[in-house]
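These notes are about the structure you will find just below.
FYI, it's all coordinate maths here, none of it is from the lab. These numbers come from a predicted model, not from an experiment. A quick note on method: Cβ atoms are made from the backbone with ideal geometry, for glycine too, and the neighbour counts reach across all protein chains shown.
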Amino acid sequence: MSGNEHEASASALLLTLLGEFVLPEGRPVWTSTFTDALAALGVEEKAARQALARSARRGMLTSEKVGRRVRWTLTPGARRLLEEGTERIYRFGLDRPPWDGRWLLLFCSLPESRRELRYRLRVRLGWAGLGPFGPGAWISPWVDRQPAVVAVLEDLGLAAEARSFTGSLGALGDPQEIAAQAWQLDGLERDYARFLADHEQAAAVTGEPTATGEPAFVALSALVHRWRRFPGEDPDLPAELLPDHWPVERAAACFHLRHAEWSERALAWWRSLEAAGS
């Protein structure tokens, strides 16, 4: 794995820790807590420190020196982002409103010279649940997501050059084929199958909690880290657009069961790291 891949992996794991442990605790966190926690997840200290610095540059964290040591605090913007993400992650797969048959269609075409902005648009629209539907076109079966889409475009400075439409499918086209074209449902279904194979029959961290509780922390962090990708990859389509026996409800039930089994001891171990660093 290259240095950039190491940093990306460390940054992604750090984001999981920020949402799962730092946000609920609401307190500054020592550098040593982050490096020790990330070490338990297989991240080297150098990569952990680089991930912290990168998160600070992105406006997620602020640092404060206390003697020779440093502790980190979530910025207000990061807190809002993590709160929104946490709500979506933990509600994902549990309920789905009825579909009225209408679609949201967005057109926003960017040239190759604006590649970085085009990438950011693709990521943000994907998180909002839209799928690509041809060059410069995006689609969603949930028209109530239009305000969120407008907010994304305004934030990226693209609202003036975008166009959106809402309406029902005409005489031509099959809704399930449209969904299959816009979203890679086959690959997503395989990802769910792997998640269930790894976690549905997984034994809980058994026995009395160890002195450190590290196994519970590692199990929970890996579970959350893997699960939080699904809300960004799965557009949460109406049942009418999905293959039979779509596994999201089963996967969500598995996630919440394992989370309940491991969370108390994982948090206890996290707090032990903080106490040791104080």
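Overview of results
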| quantity | calculated |
| --- | --- |
| Positive-end residue of SER221, HIS259, TRP246, charge dipole of the stretch 182-277 with Cβ unit charges | SER221 |
| Student exercise, the chain dipole from Lys, Arg, Asp, Glu Cβ charges, in Debye to nearest 20 | 1240 debye |
| Between the stretch 152-173 and the stretch 39-115, the alpha-carbon center distance in angstrom | 25 Å |
| Largest-first ellipsoid semi-axes for the stretch 102-168, taking √(5λ) over the Cα gyration tensor eigenvalues, angstrom | 18, 12, 11 |
| Neighbour net charge for ARG96 - beta-carbon separation under 10 angstrom, K R +1, D E -1 | -3 |
| The stretch 3-84: translational diffusion in µm²/s, Stokes-Einstein, Kirkwood Rh over Cα pairs, 4 °C, 1.567 mPa s | 103 µm²/s |
| The stretch 182-277: Cα Rg divided by the 2.2 N^0.38 Å rule of thumb | 1.29 |
| Top positive-direction residue, dipole computed over the chain with Cβ charges, set ALA276, LEU104, LEU185 | ALA276 |
| Solution diffusion estimate, µm²/s, Stokes-Einstein, the stretch 43-194, Kirkwood Rh from C-alpha pairs, 4 °C, viscosity 1.567 mPa s | 70 µm²/s |
| Normalised contact order of the chain, rounded percent, pairs of Cα under 8 Å and 6 or more residues apart | 23 percent |
| Calculated P(r) of the chain - Cα pairs past 25 Å, % | 54 percent |
| Karplus (6.51, -1.76, 1.60) ³J(HN,Hα), θ = phi - 60°, over the stretch 122-134, in Hz, Gly and Pro reported as x | 4, 5, 5, 5, x, 5, 7, x, 8, x, x, 9, x |
